[in-house]
Amino acid sequence: MILKENITFEEVCGKTFKIRVVEASEYGQAALTHYLHNYQDKESEFYRKEAIQHVKRALEYKYPMVDITSTAAETALQLMLFDFKDDVPFPSPESPKFKFIDLFAGIGGFRIAMQNLGGKCVFSSEWDEQAKKTYKTNFGEVPFGDITKEETKSFIPDNFDILCAGFPCQAFSIAGKRGGFEDTRGTLFFDVADIINRKRPKAVFLENVKGLINHDRGKTLRTILNVLREDLGYYVPDPQIINAKDFGVPQNRERVFIVGFRRDLGINSFEYPKPLSIKLSFSDIKEKEQVSVKYYLSETYLNTLINHKNRHASKGNGFGFEIIQDSGVANALVCGGMGRERNLVVDDRLKDFKPVTRIKGEVNRKGIRRMTPREWARLQGFPDKFIIPVSDASAYKQFGNSVAIPAIQETAKIILKTIGID
């Protein structure tokens, strides 16, 4: 078959094709975008076959009366390379210094940090559809999905330098056992360990909540370290609790960082980064212009929060809303519970105090409002050119689940130096 006209990237990844055609594989768009980003490198071979099949399905939709061969689809794919433009806010570096993979990628906090240091992402995975939408908008790449599936793992290329993962914390069934590799089966850490075991990257960089230290009375962390050190053969210094506020963002966010190095590299020491001299307050990232009335609390809701906090205070419990002063530092961003209410601010610039239709009652006269998604982005170190293509509810969830980019980047600098990449 000779195509009369080329098929475009927009047609293959567009809404019409996605909605009207039931794809034979869930990996189509991920494989295609990964192929296009890596077509000049050997990593492209891991995505080529599925990318061709995805283009073939698009051609079958565009030319329903034509018998589309794999050869024709491959030709169309190669022609697409000339039209593909990496015109996204955060393209891969043209001459990368190292390569990494981005597991549990979220919206790409790890990726921005590593790209800032000259790294190229050769594989990404994330299961949440809204997060994948944000990731694609900013990096031009659709992450693969469920990393627990063997087919998903089959797309991971060889010979990358660093594995990055902000994996969820889960308890292991280790009662009466040694707490090794096999005892982590059924958890997401097992899949991280499985990939490390198969691919043997030079370094691993893991991030988790502070609670991992004492999770399941410390058994979870001990098992993780035992697997990395004994079963996988990596040098792993003691984990470190890193606070985002020490690295240039006004957020009191403590997270556990775990780094490891393949033992054959001969590395036997590592020092986590020392706090920077940069100290910011909320006023440094506060919206410069008046924000929408929708972020202001109603008088009724504000009174509800005050009464709720007073009830808990009478019981000796300090739980409740908090107001962050312009000169202060935000609490850790979290996406559940009262995550937004623990980071309220006073902003008296609102001129319109008419009733708000989405909530009962008038806007409070004290000018108390929630932080905006853009302010949450800044608190995590995301540049203002980072596009937020989702609803506010999804954005709060995504930034609350993300990593503090400056803290990741400062740690990654030392990792790279340790493995001889400057």
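7 Å from Cα along Cα→Cβ at both E182 and R198: what's the point-to-point distance in nm?
Rounded to a tenth, the inter-label distance reads 2.1 nm.
Calculate the length of the line joining the C-alpha centroid of the stretch 180-228 to that of the stretch 127-151, in whole Å.
22 Å
In deg cm²/dmol, rounded to 500, what helix-only [θ] at 222 nm does the chain give when every DSSP H run of at least 4 residues adds -39500 (n - 2.57) and the total is split over its residues?
On the way: 14 runs with 144 residues, N = 422.
Calculated from helices alone, the mean residue ellipticity at 222 nm is -10000 deg cm²/dmol.
Points 7 angstrom from Cα along the Cβ direction at D86 and R311: gap in nanometres?
5.5 nm
Please list, by residue number, everything in the stretch 180-207 whose backbone N is under 13 Å from a paramagnetic label point 7 Å out along Cα→Cβ of E230.
Answer for this model: 180-184.
Over the Cα atoms of the stretch 80-159, each weighted equally, I'd like the Debye log10 I(q)/I(0) at q = 0.12, 0.23 Å⁻¹, rounded to two decimals.
-0.33, -1.15
Which whole-Hz couplings ³J(HN,Hα) result when phi for each residue of the stretch 246-261 is put into the Karplus expression 6.51 cos²θ - 1.76 cosθ + 1.60, θ = phi - 60°, listed in order with x for Gly and Pro?
Each residue of the stretch 246-261 in turn: 7, 10, x, 10, x, 9, 7, 10, 9, 9, 8, 10, 10, 10, x, 10 Hz.
Helix 188-199 versus the longest principal axis of the chain: what angle, 0 to 90°, nearest 10, using Cα atoms?
For 188-199 against the chain, the angle is about 40 degrees.
Hey, for a label at S281 modelled as a point 7 Å past Cα toward Cβ, could you say which residues of the stretch 363-400 have their backbone N under 20 Å away?
Hits in the stretch 363-400 for S281 at 20 Å: 367-372, 375-376, 378-381.
Figure the gain on full extension for N331 and K417 (residue separation times 0.36 nm, minus the Cα-Cα span) and round it to one decimal in nm. Present the calculation step by step, with values, prior to reporting the outcome.
Working: separation 86, 0.36 × 86 = 30.96 nm, distance 3.19 nm.
Contour length minus the Cα-Cα distance gives 27.8 nm.
With +1 on the Cβ of every Lys and Arg and -1 on the Cβ of every Asp and Glu, and nothing else charged, how large is the dipole of the chain about its Cα centre, in debye rounded to the nearest 20?
1400 debye
With contacts defined as alpha carbon pairs under 8 Å and 6 or more residues apart, what's the relative contact order of the chain in percent? Numbers along the way, then the final one.
On the way: 730 pairs, mean separation 58.2, N = 422.
Relative contact order for the chain comes out at 14 percent.
Does the chain come out rounded, prolate or oblate, given a ≥ b ≥ c as the square roots of the eigenvalues of its C-alpha gyration tensor, rounded meaning a/c under 1.5 and, failing that, prolate meaning a/b above b/c?
On the way: a/c = 1.97, a/b = 1.25, b/c = 1.57.
Oblate shape, in that a/c is at least 1.5 and b/c is the bigger or equal ratio.
Tally the DSSP beta bridges in the chain and give the antiparallel ones as a percent, rounded to 5.
Details: 18 of 36 bridges.
So the antiparallel bridges amount to about 50 percent of the total.
Just so you know, all these numbers are worked out from the coordinates, no wet-lab data involved. Remember, it's a predicted structure, so these values are computed and weren't measured experimentally. For neighbour counting, all protein chains shown are included, and Cβ atoms are generated from backbone atoms with ideal geometry for every residue, glycine included.
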